[in-house]
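What follows is calculated from the coordinates using simple rules that are stated; it is not laboratory data. Not measured: the values here are computed from a predicted model. Don't worry about glycine lacking a Cβ; one is built from the backbone with ideal geometry, like all the others, and counts go over all protein chains shown.
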Ligand SMILES: Cc1ncc(COP(=O)(O)O)c(C=O)c1O
C-alpha cells in the first residue's frame, strides 16, 4: 500500500525531496516495514501526477540516506533494519535522537578521572601561556586608565567600542573584505558570537548544515536551539563543493557553519576558490553562512586566504573570530562582522544578553592591537607553534607508523584517524593507561557519531613533553 504523500507547491523543498521525506517518515513510523516494496516508479509518478524522474530522484535520495535498497529487475525495497543502522547517511539526519546540552557528556568526566600526576594532556586545546603578551597588554591597560576620560567607563548601550570596531574592520579589509566599523559587534568571546547568531536564526528543528568534524563549542550552541544537522563531506582540502551543493539543494538548510581556517580539529585551511564557491551556492540556495575565522593568524605555510565574507555581496555571510588563541583566553573577546538585515536583530540580541562587552578590556585591546608589540607577538607565537607542530608531527609519524598524520596547515591540533577496528573509547583508555590524555572524536561530529578518531592538541606543551607524549601514544596504540 502507498503511504499518503501530500505535495505542496508552496513548500520550498523540491518535489523529489518532499516525496523522499514523506516516505522516510512512513519508514520511521513503521507504516512501511523493513523489506516492504515501494510502489513502482511509474505507478507512483502517475498517482502523484509528477514526472518519472521526480520519483526516481526521490528513491535515489532515500537510497543515499540508507533508507531503501534497489534490487535490479525487482524494484526498490525498504532497507532491512541493520542496513539502515550501518548506512553512513543514517547519521546525517537524526533530529530526534539528539538531546540538548549533552555534547560533552561523559567526556569531561572521563578526562577528569584519567588525570593523575605525571599524565600529559593533549586533550585541551589551550594556547601556550609563554606567548601571552603580559607586559605589553599591561601597558595598554595602564594607558587606558591614564588617557581615557572617566566617561569612557560609563554604561554603554552600544555593541562595541568604536575605535576597536574600526581597527577590527581595518584588519578584515587588509584581508580582502570591505567592512566598516558599523558592521562589527564585539562579543564576549566567540562563544557568545555563536550564541547570538543562533538565537536570531534558529528555532526548534532548524536545519543546520555543517562541516564535520568541527568545533564543538559552536555545535553545543546549535544543539541548545534544537538544530537538526546535515553533515557535508570533506576531503583533504576541507568541505567538498559538490557535497555543499547537494546538501543545500536537498535540505535547504537555514545555516551553513564552517571554520575555513585552522579548522578545529583537523587543521585544514579551505582554499580560497572553495570559499568563493560556497558563497555563490549560499546565494543560489538562500542559505546564511556562519564562518569562524579563529586561528587565521596561525596559518603556517602560506598566508591565510581571505574570509568567505570577502566574496559576500548581500550580507548572507556572517563572520566571527575569537581573540582567545591569538592573544589570550582571559580577554573573553570575540567579534561578529554582520551587515544587512541581520545586523539589527543581532544588536538587539546582544543588548538583551549582556548589554555590552567590557569597555575597559576593549579600550586596552584597541591600544594593544595598534602597538608594534602586536605584530611582534603574533610572529613569535606563530614561530613557536610552527616549531611544535613540526616536532610533534614528525615524532608521531615515527611512533605510529600505521597512521596517516596530516600536519595541520594552521592552528594547534592534529586529527588522528584510527583504524576502524579500534574504537575511539578503546583508544582513549589505552592512551590514559600509558599516561597521555587525548580528546575523543564524538563531540566534533555534529550528529555525535562518526569514524573513530582522536584530537591531539600540542599548543601548550614544550618540546620534551611533546616527544614524551608521542612515545606514550606509540606504546598505547602500537598495534591498532
Ligand atoms: C574554531 C574556534 N572558535 C572559537 C574558539 C573559542 O572561542 P572563545 O574562547 O572566544 O569562546 C575556539 C577555541 O578552541 C575555536 O577553536
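Quantify how much of the Cα-Cα distance distribution of the range 150-370 extends past 33 Å, in percent. In whole percent, the long-distance tail amounts to 11.
Compute the FRET efficiency between residue 341 and residue 236 as 1/(1 + (r/R0)^6), taking r as their Cβ-Cβ distance and R0 = 45 Å, and round to the nearest 0.05. Could the numbers behind the result be given before it?
Values: r = 36 Å, r/R0 = 0.81.
Efficiency computed from Cβ-Cβ geometry: 0.80.
The protection proxy used here, the mean number of other Cβ atoms lying within 10 Å of each residue, ranks peptides 54-65, 165-176, 251-262 as follows, highest first: 251-262, 54-65, 165-176.
Could you give the Stokes-Einstein D for the range 140-204 in µm² per second, using the C-alpha Kirkwood radius, 4 °C, 1.567 mPa s? It comes out at roughly 93 µm²/s. Once you treat every alpha carbon in the chain as an equal point and sum by Debye, what is log10 I(q)/I(0) at q = 0.10, 0.11, 0.14 Å⁻¹? Relative scattering, expressed as log10 I(q)/I(0), comes to -0.82, -0.96, -1.37.
Write down the Å³ per residue value for the convex hull defined by the alpha carbon atoms of the range 241-359. Please report the intermediate quantities before stating the final value.
Details: hull volume 14.9 nm³, N = 119.
Spread over its residues, the Cα hull of the range 241-359 gives 125 Å³ apiece.
Given their separation in residues at 0.36 nm each and the Cα-Cα distance between them, residue 464 and residue 35 gain 148.6 nm when the chain is fully extended. Counting only DSSP H runs of at least 4 residues, each contributing -39500 (n - 2.57), and dividing by the residue count of the chain, the helix-based mean residue ellipticity at 222 nm comes to -13000 deg cm²/dmol. Summary value for the range 150-370: 27 percent relative contact order, contacts being C-alpha pairs under 8 angstrom separated by 6+ residues.
Distances longer than 13 Å among the Cα atoms of the range 411-480: what percent of all pairs is that? Percentage above 13 Å: 64.
Which peptide among 298-308, 7-17, 123-133 comes first, and what is the full order, when sorted by highest mean count of other Cβ atoms within 10 Å?
On the way: 298-308: 18.9, 7-17: 13.3, 123-133: 17.0.
The packing order, highest mean first, is 298-308, 123-133, 7-17.
With the cut-off at under 15 Å, measuring from each backbone N in the range 178-219 to a point 7 Å along the Cα-to-Cβ line of residue 246 picks out 210-212.
Mind giving me the FRET efficiency for residue 152 and residue 130? R0 is 30 Å, r the Cβ-Cβ distance, nearest 0.05 is fine.
On the way: r = 32 Å, r/R0 = 1.06.
For R0 = 30 Å, the calculated efficiency reads 0.40.
Legend: calculated FRET efficiency, residue 60 to residue 313, from the Cβ-Cβ distance at R0 = 22 Å, rounded to 0.05, equals 0.10. Net length available on complete extension from residue 422 to residue 394 is 7.8 nm, with 0.36 nm assigned per residue and the Cα-Cα distance removed. For the range 188-247, the alpha-carbon coordinates run over 32, 24, 14 Å along the three principal axes, in decreasing order.
Could you grab the Rg to Rh ratio for the range 305-352? Cα atoms only, Kirkwood for Rh. List each step's numbers first, then the result.
On the way: Rg = 12.7 Å, Rh = 12.2 Å.
Over the Cα atoms of the range 305-352, Rg/Rh equals 1.04.
log₁₀ I(q)/I(0) of the range 15-92 at q = 0.23 Å⁻¹, via Debye over equal Cα point scatterers, no solvent, to two decimals? The computed values of log10 I(q)/I(0) come out as -1.08.
Using alpha carbon centroids, what distance separates the range 255-333 and the range 109-176, in Å? Value for the Cα centre distance between the two parts: 20 Å.
The stretch between residue 108 and residue 72 holds 8.1 nm of extra length on full extension. This uses 0.36 nm per residue minus the Cα-Cα distance.
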